[in-house]
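This report concerns only the one structure given below.
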Amino acid sequence: NLSAVSIFVFVGLSDAPEIRLLLFVLFLLIYLATMASNIILLVAISTDSHLHSPMYFFLSNLSLLDLLCPTITVPKMLGALLLEHKEISFSGCLFQHFSLIAVVGTEIFLLAVMAYDRYVAVCHPLRYPSIMSTKLCAQLALGTWATGLLNSLLHTSLVFTLSFCGPNKIQQYYCDIPPVLALSCSSTHSRELVILVVAGVLGSSACVVTVVSYVYILLEILARKSPGIWHKAFSTCGSHLAVVCLFYGTTICTYVRPSSTYSPHWDRVVSMLYGMLTPLLNPIIYSLRNKEVKCALKRVIRQV
């Protein structure tokens, strides 16, 4: 007498009306601030010829991803907080899942590409223009987006070809892999193993590229024996690595583990870190401490 699930229901962040209103205002402000900061950064990079370089080309791709990531999940969450509209169709959940995994995967690979770009700039400054050519930058950016989309297609096909015929309450505020797998009435062990292997191989490869690039950068800085340059470069690398560690740590804790260790309350907190706070912090950490970007932003504000 089991029937296929056609609608999923999100579990709300809170049942108390006053808490829901407070969370709605808080998350709305964070979302608007994220949208504004990343849009302004994109406009500054596209309109200022001084920022037409590989570093800022990749940074514009990162800002675009930071626009997409919260847009996929936050509006639905805000609707659930304000209007208590917590339902989502099966096809809508599939599309949200595919889009989010594609954006998260693409950002992981893009962070590795940006680390390699900084490695070439610091360790091979004279050869930087010839190595990081326009053609290579376009190929690297296209490769990150294509890899993210293919990775998401694999994960989505593994998850949503399962049978869903029982409970339909998702213990999350969006359609994520662990809570959706927990609702399946099919055996998920083999598919979980494939997801873990694929995510582990791709994620660890990108992480290795990022870490190795910054190790070489650090060694190059130490070899120069210039305290001023060392302090400035180390500060920049430290900020970047802090965001990288936050992003990698939260995504690994959320995805790279079996569903038997799934904790709904903890995962809702973790997912908000990489889904809302990281896109807000990225423009600040990556660009607002940069003098060239500050000048470009001032020119954009004056023009407006």
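The values are calculated or read from the model by the stated rules, or taken from the named source; none is laboratory data. Predicted, not measured: the structure shown is a model, and the values here were computed from it. Glycine gets a Cβ as well: all are built from the backbone with ideal geometry, and neighbour counts include every protein chain shown. Protein only, heavy atoms only, side chains kept; ligands, DNA and RNA dropped before computing areas. Shrake-Rupley method; radii C 1.70, N 1.55, O 1.52, S 1.80 Å.
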Subject >> Residue that is without any contact (Cβ under 8 Å) to a residue 40 or more places away in the chain, closer than 30 Å to residue 129 by Cβ, in contact with a Leu (Cβ under 8 Å, 6 or more places away or on another chain) and part of a helix (DSSP H, G or I), where the choices are 46, 60 >> reply: 60
Original post:
Does region 73-96 contain at least one residue that is over 29 Å from residue 301 (Cα atoms), touching a Leu at 6+ places or on another chain (Cβ under 6 Å), open to solvent by less than 50 Å² (accessible area, probe 1.4 Å) and at pLDDT 90 or above?
Top reply: no
Subject >> Contacts under 8 angstrom Cβ, first residue in region 110-133 being open to solvent by less than 20 Å² (accessible area, probe 1.4 Å), partner among the acidic types (Asp, Glu), 6 or more apart >> reply: 132/117
Subject >> Residues satisfying the stated conditions in region 151-173, i.e. surrounded by 13 or more Cβ atoms within 10 Å (Cβ to Cβ), of a type outside the set (Val, Ile, Thr) and part of a helix (DSSP H, G or I) >> reply: 151, 152, 153, 154, 155, 158, 160
Original post:
Can you tell me which of 24, 10 is open to solvent by less than 50 Å² (accessible area, probe 1.4 Å) and in contact (Cβ under 8 Å) with a residue 60 or more places away in the chain?
Top reply: 10
**OP:** For region 202-304, please list each of the helices (runs of 4 or more DSSP H) lying entirely inside it that holds at least 1 residues being at pLDDT 70 or above and open to solvent by 60 Å² or more (accessible area, probe 1.4 Å).
**Re:** 227-255, 278-283, 291-303
**OP:** Could you tell me whether residue 194 is at pLDDT 85 or above, open to solvent by 50 Å² or more (accessible area, probe 1.4 Å) and over 30 Å from residue 119 (Cα atoms)?
**Re:** yes
